[in-house]
1. When residues of segment 81-131 are filtered for being over 22 Å from Arg193 (Cα atoms), polar (S, T, N, Q) and either within 11 Å of the chain's Cα centre (by Cα) or not in a helix (DSSP H, G or I) (or both), how many remain?
2. It is to be established whether one or more residues within segment 44-62 are part of a loop (DSSP other than H, G, I, E, B) and in contact with a Ser or Thr (Cβ under 7 Å, 6 or more places away or on another chain).
3. Does Ser366 satisfy the condition of being of a type in the set (S, T, N, Q) and closer than 23 Å to Ala104 by Cα?
4. Would you say Arg193 is touching a Pro at 6+ places or on another chain (Cβ under 9 Å), open to solvent by less than 20 Å² (accessible area, probe 1.4 Å) and charged (D, E, K, R)?
5. Output yes when any residue across segment 366-373 is polar (S, T, N, Q) and free of Cβ contacts under 8 Å to residues at least 60 places away in the same chain, and no when none is.
6. Given the condition open to solvent by 20 Å² or more (accessible area, probe 1.4 Å), free of Cβ contacts under 8 Å to residues at least 12 places away in the same chain and under 22 Å from His159 (Cα atoms), answer yes or no: does some residue in segment 327-341 qualify?
7. Restricting attention to segment 303-326, does a residue exist that is in contact (Cβ under 8 Å) with a residue 24 or more places away in the chain, surrounded by fewer than 21 Cβ atoms within 10 Å (Cβ to Cβ) and under 30 Å from Leu270 (Cβ atoms)?
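The values are calculated or read from the model by the stated rules, or taken from the named source; none is laboratory data. Here the structure is a predicted model, which means the values were calculated and not measured. No Cβ is skipped: glycine too gets one built from the backbone with ideal geometry, and neighbour counts run over all protein chains shown. To get the accessible areas, we keep the full protein, side chains included, count just its heavy atoms, and leave off ligands, DNA and RNA. Shrake-Rupley method; radii C 1.70, N 1.55, O 1.52, S 1.80 Å.
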Amino acid sequence: MSEPLRLGVIGLGRAFMLMLPTLARHPLVRLVAAADPREEARRQFESDFSRQGAPARSYDSVERLCADDMVEALYIASPHQFHVAHVRLAAAHGKHVLVEKPMALTIADCQAMIEAADAGGVHLLVGHSHSYDAPYLRTAELIRSGRFGRARMITASNHTDFLYRPRRPEELDTAQGGGVVFSQGAHQVDIVRLLGGGLVSTVRATTGRFDPARPTEGAYQALLVFADGASAALTYSGYGRYDSDEQLGWIGEMGQRRDPESYGTARRGLAEVSTPEEEAALKNTRTYGVAKSPVAAPTAALGHNHFGPITVCCERADLRPLAEGVMVYADDRRWLEPLPAPTVPRAEVVDELYAAVRSGVAPLHSGAWGMATLEVCLAILVSARTGREIALQHQVAPG
């Protein structure tokens, strides 16, 4: 067995909760330390990850965590506005970095993070993003193989209840990284960039703010045109009505079985709170150290993670990534390119980080890749505000 990567965590909030089943179960990583301002989260981390002769350490200071010699790499899951400072700290201490998406809210901050990683001689990866998911990686492999010609047209849509899950006030403020474009667009844009070759030339988009009580973008539509003439049409709505998991056999984003009779659950839960403080408190009940730790009872998945229905029209076939593999629709027949069921959810994230740190394999989801995805997200907002098509200049192809 290869030596597991010794990983520290900055921020034991909701993003960490979603990655916890991966980090707790993957054999190539071991959680050894964490930093969070909440005492209850630190106590839970020490309880979950201490082993005989190897106690897990927790800190109330990011600086102290970065100085811990036991830590080889850091998963930065703090709020967006702290990413650049935390990456700089980590890199200055020689720690490799996996930073949550979106990596930052401005191109300048992305560039500063990339420069800090280069100066520190460490790898910088951005994720989790759903473009790490095995079905999308396999679809990209099929496209790059040349068997079906070039990707010419991509259609991606996702309809969820995102905007009606409990939120802190800043999560409903676009200027602070709130709304669906930064949080959800980072997933969808990353996927279509992977499938389309990465090099987006222009973006034309509209956004929707349909509920004055949730004063941020809850929906968008965007047309991306790639350097080789391919295009991608993106639709996302987080308004909690139609649920596009219906098109995928009621398998949810995390590969889990969904109950179609749970319609409207998010809105009903939100109806029970009347102030921003009450909503923030409701969200806190789902965070690490308060909610039941998923380390004790991991959820079984039916298939791989996904981010809604996607179709790639190539020159000689259409491809549909699904939770169980990739459907291929050729001229005379159709078939499933199956994928083995996941044993560890989102294992691909750790696989890529481990390969970079232990073997020096250049990561796909590098800082440059994350910056290119953010550039598209920012272009969606600018295009919607100005009514113009936006030209891009920081795009990169998949490594």
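1. 0
2. Checked segment 44-62: at least one residue is part of a loop (DSSP other than H, G, I, E, B) and in contact with a Ser or Thr (Cβ under 7 Å, 6 or more places away or on another chain).
3. Spelling it out, Ser366 is indeed of a type in the set (S, T, N, Q) and closer than 23 Å to Ala104 by Cα.
4. yes
5. Looking through segment 366-373, none of the residues is polar (S, T, N, Q) and free of Cβ contacts under 8 Å to residues at least 60 places away in the same chain.
6. yes
7. Checking segment 303-326: at least one residue is in contact (Cβ under 8 Å) with a residue 24 or more places away in the chain, surrounded by fewer than 21 Cβ atoms within 10 Å (Cβ to Cβ) and under 30 Å from Leu270 (Cβ atoms).
Here is a yes/no grid of residues against (1) modelled with pLDDT of 90 or more; (2) among the aliphatic types (A, V, I, L, M); (3) open to solvent by 30 Å² or more (accessible area, probe 1.4 Å); (4) in contact with a Leu (Cβ under 9 Å, 6 or more places away or on another chain):
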| residue | (1), (2), (3), (4) |
| --- | --- |
| Ala233 | yes, yes, yes, yes |
| Gly238 | yes, no, no, yes |
| Asp245 | yes, no, no, no |
| Gly264 | yes, no, no, no |
| Glu278 | yes, no, yes, no |
